[in-house]
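What follows is a short report on a single structure.
Please treat every number below as a calculation from the coordinates, not as lab data. Just so we're clear, the structure is a prediction, and the values are computed from it rather than from any experiment. Here the Cβ positions follow ideal geometry from the backbone for every residue, glycine too, while neighbour counts run over all protein chains shown.
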Amino acid sequence: MVLFRYPRPLPSEITPKEMYLSRRSLIGGAAAFGALTTAARAAALQTHPGPYSGGLTPTPHDDVTHYNNFYEFGMDKGDPAAHSQDFHPLPWTLEITGLVRKPVRLDIDQLLHSPAIEERIYRMRCVEAWSMVIPWDGIPLASLLKDADPDPRATYVAFESVLRPSEMPGQNEGLSGIQWPYVEGLRLDEAMNPLTLLALGIYGETLPNQNGAPIRLVVPWKYGFKGIKSIQRIRLLDHEPPTTWNRLASDEYGFYANVNPQVDHPRWSQATERVIGSHSLFGATRQPTLMFNGYGEQVADLYRGMDLRKNF
Ligand code: MTE
């Protein structure tokens, strides 16, 4: 049974930007307190510019950190920033197990101090037809998977978010219909693609809770829901793993979820996107959505010969 259909508000019903901004100024006091506590936790990362970032202007920090989807903290865009301050992302361990020859247990401290952290400014396209540009700081997933030495039988990678109902109010409510923890998956060759990142930060600082602290996945040619947050476990498998949104509504959300302006969502067009943080006379501007979100040169080969309407 599907309790609700993601996105809960249809794109046409989403709060107009002006109203959303005035609501935010009303809760300014609370937000300022939130910002203080977030700022107290955010730490600068040693990062250096990485590839694939050219020519993109990042969305303002305030939009990146206050317009979020993180159903563990509620279903509205402002909920993750407002309700994630009691979540403790440290200490943290990330496991890489399953079909690997060298199972890995990584202390987040090790990762946060890794010289391999690089900045990647990527487009982010949500399946709800809005987009941002986010300056991530992270480590290519491929390098960590190589350390675990995948077994030749491994063909898929499964990701699992943290299960912590005491700190994540949405995990107690059942309103979303999500079976916790949130899970996602990639084919192994997608996971090994140089674009695929495990992000530890944005804007040169550790991830705010609402953006998936302390570590989350970024797959820029796929819809944003593939970017699973607050990851604790990564497992290599010889079969396709279940994924959260596909479990909830398999007719609407496929395993692949590649950004594709030619394949509409059953309930809305994917041809264009609302640019978060942009302003025109009529509200946020819209722009055409690009095939593979503009990363076709890097990833189109992964899908040669596949019917992208069937494998949506
Ligand atoms: N990861 C977890 N654990 N829980 C979630 O609800 N939402 C997904 C994805 N990762 C989600 C998640 C969705 S629907 C999107 S669009 C992106 O995170 C949003 O990332 P952002 O808030 O950093 O923009």
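Things to note:
- Amide H within-cut-off set for residue 202, under 5 Å, with H built and near neighbours excluded: 137, 207
- Here residue 41 and residue 179 are evaluated by their C-beta separation; at R0 = 25 Å the FRET efficiency comes out at 0.30.
- Evaluating 6.51 cos²θ - 1.76 cosθ + 1.60 at θ = phi - 60° for every residue in the stretch 273-281, the Karplus couplings come out as 9, 7, 8, 5, x, 8, 9, 9, 4 Hz, glycine and proline recorded as x.
- Label-point separation in nm, residue 113 to residue 189, each point 7 Å along Cα→Cβ: 3.9
- Histogrammed with a bin width of 5 Å, the alpha carbon distances of the stretch 46-303 distribute as 1, 6, 13, 18, 20, 19, 13, 6, 2, 0, 0, 0 percent, first bin at zero.
- Model label sites at residue 287 and residue 97, defined 7 Å from Cα along the beta-carbon direction, differ in position by 4.3 nm.
- In nm, spacing of pseudo-spin labels at residue 62 and residue 302 (7 Å Cα→C-beta vector): 3.5
- Value of [θ]222 nm, deg cm²/dmol, for the chain, DSSP H segments ≥ 4, -39500 (n - 2.57) each, nearest 500: -5000 deg cm²/dmol
- Förster radius 22 Å - calculated FRET efficiency between residue 153 and residue 232, Cβ distance, rounded to 0.05: 0.40
- Qualifying trypsin sites (Lys or Arg not before Pro) in the stretch 229-299, where qualification requires a DSSP coil assignment and no more than 12 other C-beta atoms within 10 Å, comprise 267.
- Residue pairs, from the table 146/222; 229/310; 102/310, whose Cα atoms sit over 30 Å apart: 102/310
- Among 216, 101, 164, the residue with the largest mean-square fluctuation in a Gaussian network model of the chain, with springs joining Cα atoms closer than 10 Å, is 101.
- Computed lengthening from residue 164 to residue 271, 0.36 nm per intervening residue step minus Cα-Cα distance: 34.8 nm
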